[in-house]
1. Tell me yes or no: at least one residue of the range A:598-610 is at pLDDT 95 or above, away from chain B (no Cβ under 14 Å) and over 29 Å from A:LEU366 (Cβ atoms).
2. Kindly evaluate B:GLY90 against the criterion of being open to solvent by 10 Å² or more (accessible area, probe 1.4 Å), outside the structural domain of B:ALA187 (by TED's automatic domain parsing) and in contact (Cβ under 8 Å) with a residue 60 or more places away in the chain.
3. Could you check the range A:246-269 and list, in sequence order, the residues that are modelled with pLDDT under 90 and under 32 Å from the mean Cα position of the chain (by Cα)?
4. Taking the conditions exactly as written (out of contact with any Phe, Trp or Tyr (no Cβ under 8 Å at 6 or more places or on another chain), assigned to a loop (DSSP other than H, G, I, E, B) and modelled with pLDDT under 90), does A:THR386 satisfy them or not?
5. Going through B:SER461, B:SER439, B:SER421 one at a time, which residue ends up being at positive phi and either away from chain A (no Cβ under 14 Å) or open to solvent by less than 10 Å² (accessible area, probe 1.4 Å) (or both)?
6. Scan the range B:172-181 for residues that are open to solvent by 20 Å² or more (accessible area, probe 1.4 Å) and in contact (Cβ under 8 Å) with a residue 40 or more places away in the chain and jot them down.
7. Restrict the check to the range B:87-105 and report whether at least one residue is farther than 30 Å from B:GLY236 by Cβ and within 19 Å of the chain's Cα centre (by Cα).
There are 2 protein chains.
Amino acid sequence: MPAPLVKESTVDVLVIGAGPAGLMAANALGRAGVNVRIIDKRPKKVAAGQADGIQPRIIEVFHSYGLGERLLREGCRLHMAAFYNPGPDGGIELTSRARNISAATARFPFALTLNQGAIESIFLDSMRAMDLQVDRPIVPSYLEISSDEAELQNPQSHAVKVVLQHLDAEQIVEETEIVKAKYLIGADGAHSWVRKQFPITMDGEHTDYVWGVVDLIPDTDFPDIRNRCAIHSNNGSCMIVPREGDLVRLYLQLTDDNLKRVTNPNTGKPDISYCNPQQLLEVAKKTFYPYRIDADGEVGWWTLYIIGQRVASQFSINDRVFIAGDACHTHSPKAGQGMNASMNDTHNLAWKLSHVLRGWAHPSLLKTYEFERRRYAQDLINFDKTFARLFSNKPRTKDNQNGVTHEEFVDVFSKAGGFTSGIGIHYNESPIVNPTYQSLVANVVVGERMPPQTIIRVADSWPFELQDLLPADTRFKVVFFTGDYMNPTQRDKVLELAEKLNQPESFLRKFTPKGARSGDVFDLLTIAASKKEQVTYTDFPKVFRPHWSKIYTDDVDFSGKVGGKVYSSFGVGPSGAIVVVRPDQYVGMISPLDKFSALDDYFSSFMTRPAPL
Amino acid sequence: MPAPLVKESTVDVLVIGAGPAGLMAANALGRAGVNVRIIDKRPKKVAAGQADGIQPRIIEVFHSYGLGERLLREGCRLHMAAFYNPGPDGGIELTSRARNISAATARFPFALTLNQGAIESIFLDSMRAMDLQVDRPIVPSYLEISSDEAELQNPQSHAVKVVLQHLDAEQIVEETEIVKAKYLIGADGAHSWVRKQFPITMDGEHTDYVWGVVDLIPDTDFPDIRNRCAIHSNNGSCMIVPREGDLVRLYLQLTDDNLKRVTNPNTGKPDISYCNPQQLLEVAKKTFYPYRIDADGEVGWWTLYIIGQRVASQFSINDRVFIAGDACHTHSPKAGQGMNASMNDTHNLAWKLSHVLRGWAHPSLLKTYEFERRRYAQDLINFDKTFARLFSNKPRTKDNQNGVTHEEFVDVFSKAGGFTSGIGIHYNESPIVNPTYQSLVANVVVGERMPPQTIIRVADSWPFELQDLLPADTRFKVVFFTGDYMNPTQRDKVLELAEKLNQPESFLRKFTPKGARSGDVFDLLTIAASKKEQVTYTDFPKVFRPHWSKIYTDDVDFSGKVGGKVYSSFGVGPSGAIVVVRPDQYVGMISPLDKFSALDDYFSSFMTRPAPL
């Protein structure tokens, strides 16, 4: 047998793992023009994964990459939640129905289900359009970060060395490749090889709760089979998650005899080889009683799992190697968070890497990745513990006064709405999250994502969703709420602001490379509070309108159905305000219209003067 | 030179002409599974046509074919109209701004502009997915309808004989083909060859109004350049139509000296060879004064036209050959109707041909094509005459007391809203338009298109746009407004209705081929008036729910922003009603819930018992 070939290559960012976290990273970096490569150990794309819950915030994120329409077209929408509990005769009965998503500002007020394979295809198709594909099957075998301090100081150095083994169809090493990368993202799942190369621990615990999961097309008279249902029965709990077409996923708690049946007598632990889908269907039948349920045709995918919650002790090593997704947090699938948390990890990381690689930002910007996402992961597993306990515990009855009451469960379900929807994710104060002037715009929370609202484009009265004007294009958006532009005081402030923006030492000029247009780094948007029939875009200073499409107003559209609520719902007063939105749509800072230094200071805290183009 | 080859072929429907009317026909027929062929004389698709106005109703129609999302993505939306008139110093000034589309029920309350080539591409891509392409370049040379009475009586006979000449790249006849078709659609433009094979006259007249049209990217300080503008100046009138990207189309009236300049001194008639884009730009500069306008770069497409309005004396010959689009009506482009009227012609015709070809309907159904569309074309040119006169006449001034007042113009502009938007198109009484029970649902007009409204799907509280449940799939939709299903009186009516629907002699059973499911010919939709948390789809009789997705209710969705208005806005009372919606989304008839014979009689008037599958 001939020795495997060895080749060498370089890349700016190497992504290991082509699941949702890795694909989000590769797509975002590719879109940003970053030299990125993504590899995966699997010889081909897996058709249908296990994860399927898409929360409202991720729908917004997909829109910010131009991928939202397809996601909405393909996914199944869950608007309603139904709660069932044991009735007087022991069988389940409807206790209440309620909205599935309680986050008030969600642009898409529902959750989606769509199998992981379909989600991955959305990214793969988007990447194909930029000639970016997953290299596979490839496994990494060696990883080293340079210990040369000078090299580490230079954000453009290829400080990460990775050895890759290219496999053939028989999984035999065909070729060895040495890759020198500037940055590496390990998005290689719960058993992450990347994570294991470093002294990173997964901190947390397993519970005693054992659940079965089964996908089927139901044949049933259960009236809420197309709603997300939480069933507490005397035979264990069940969650129903409707899916694409007529498919439904059942999460079935295994307790007592059902648990014994799937336990390996030799190890005393639940073991999937002691379980089969027919057994899970039998559990479902008992749980649903007095309703009838059976599978119409064959049962689809099924599995068994034990709930556990763990978070990695580090998300980053030297700000050169980052881990993301399941590689740094695992939790129960029932809150539908897994894929969402994973994709949000790399959505958070990608723009930061782009800025550092372009020389727009100081490398310390990368520290905010672990700072923001690890805290979120901890919040997530804390929530998951509470939710899993309430879901897995028996309902309260005469005989079980320690059981969970319906009120307790629904209360957690609703309060958690902001969290499980992803809408309420909050990043703490840092150089890129500056809440000093929070009170100026009470309902736009610095460190949270910019809420949606409809605004009217002045030049043509076309209503736009504000979030659609804040795409994930790596640019910071500076949104000027001018107040009523017909009011001379406000107009004077705007004119003064224009003058300051035009000064050579303003953030707009000094952080935009010589030779680039101002809009290449910062996108300025102006939202007046004037009637659309009266305000005229040509009245605004030119720095605010490099193009006629940059001036908006807060008014209703001609249907009278949308618009006119951005100042009131955001809580912007008549004096106006400036809101800086990060490239990931999170609010970075707020400033008064007439306090230009605050804006300048914010950007100066992490941006650098780029080289001329 | 060898004699051209001769081949023979048969087809169910031959479409001649691959412009918007022909492509709408081919796409609709292809989607319906009809054996259709479309030919065109041009060797390749023309990149960008002249027509570009898309009215609100056509946006709805595109949605009914699943093509609306792309249309909306590509088109430029015109929400606002602005009106300019001469000011005291002679230059133009803003008189008022108003909504561009005044039709209250328009689902999309704006007009679109998108060049004809892009519209055609939407159809071509849709057709490609069904393996249907335009055969080209091919010209017809002979056309004959059988005179055999027995053959004409049989809707399945190939009673139309056409000789086609296949051309090569040099436009030389390469092959001759004799096609026997059951039906032929002549969508071959204003100079229609098909029309000229029959004694059909184009009735109408030309006016003295001469206009120039020019596409350009403007360099201007005119503040309404991105709105649809009607400018009456002392130097002639102008209409501005903003287009994709930064492009704008100007319609410029040529009067006095400007008219003289483009007049051929030999003929005394306007002649395009005496005109050039620079000349049109000069006219624009004078018209826009005191605003500045110039072209940023090269001027795009431009032309000269004289307004004329004509309608063909017949739209159909023996209900075997039909003419559609510009072949049967020509008018001025400024009301933005051309492409819309053309596509609506074949949208009207396609489902009727499908029904007759499948043996579902009596061939007399085809008579309603001319009945409905010729009347519409006459209404259109009458409107166009008024509009063109008001637009082309001079504004009223001190010195010109016969001129058009601003109020007169805006009044016509607004009143015509329902008409120009396409929303108000009304088909008169016929076997398929039966207004007997109109009063039961006051605001759903029999003979007009079903208005949009959001309804909530009972099984999962998913809000749907009613129009999206009425796709152009050739099926009649029978919409049951049950009233409050919790009310025993209403529930009893529904149960009785279910029983009648299930009888073997009901329209549902007798007009559905043996071997087919009831949903294959008629789609039944049920809309209750009950709260979404209370109503349960499994409570409805099975005939109304062959699938769980068929039961809806009139309630708000969980965002509180949509839904809950269908009964009140349509004017359905607590006793409910049945609304029959034709495959083209026009309302065919209304019936009380408890007058089953009315429904049966309606369908029996034009449907036939189909052969078993």
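The values are calculated or read from the model by the stated rules, or taken from the named source; none is laboratory data. Just so we're clear, the structure is a prediction, and the values are computed from it rather than from any experiment. Cβ sites come from the backbone with ideal geometry, for glycine too, and all protein chains shown count toward neighbours. Surface areas here come from the heavy atoms of the whole protein model, side chains and all, with no ligands, DNA or RNA. Shrake-Rupley method; radii C 1.70, N 1.55, O 1.52, S 1.80 Å.
1. no
2. Considered against the rule, which asks whether it is open to solvent by 10 Å² or more (accessible area, probe 1.4 Å), outside the structural domain of B:ALA187 (by TED's automatic domain parsing) and in contact (Cβ under 8 Å) with a residue 60 or more places away in the chain, B:GLY90 comes out as yes.
3. none
4. no
5. Criteria check complete, one pass: B:SER461.
6. If the condition is that a residue be open to solvent by 20 Å² or more (accessible area, probe 1.4 Å) and in contact (Cβ under 8 Å) with a residue 40 or more places away in the chain, then B:VAL173, B:GLU174, B:GLU175, B:THR176, B:ILE178, B:LYS180 are the ones that fit.
7. Yes, the conditions are met somewhere in the range B:87-105.
Yes or no, residue by residue, for (1) in contact with a Gly (Cβ under 6 Å, 6 or more places away or on another chain); (2) open to solvent by 10 Å² or more (accessible area, probe 1.4 Å); (3) within 14 Å of chain B (Cβ to nearest Cβ):
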{"residue": "A:PRO452", "(1), (2), (3)": "no, yes, yes"}
{"residue": "A:ILE456", "(1), (2), (3)": "yes, no, yes"}
{"residue": "A:LEU469", "(1), (2), (3)": "no, yes, no"}
{"residue": "A:LYS477", "(1), (2), (3)": "no, no, no"}
{"residue": "A:PHE481", "(1), (2), (3)": "yes, no, no"}
{"residue": "A:LEU501", "(1), (2), (3)": "no, no, no"}
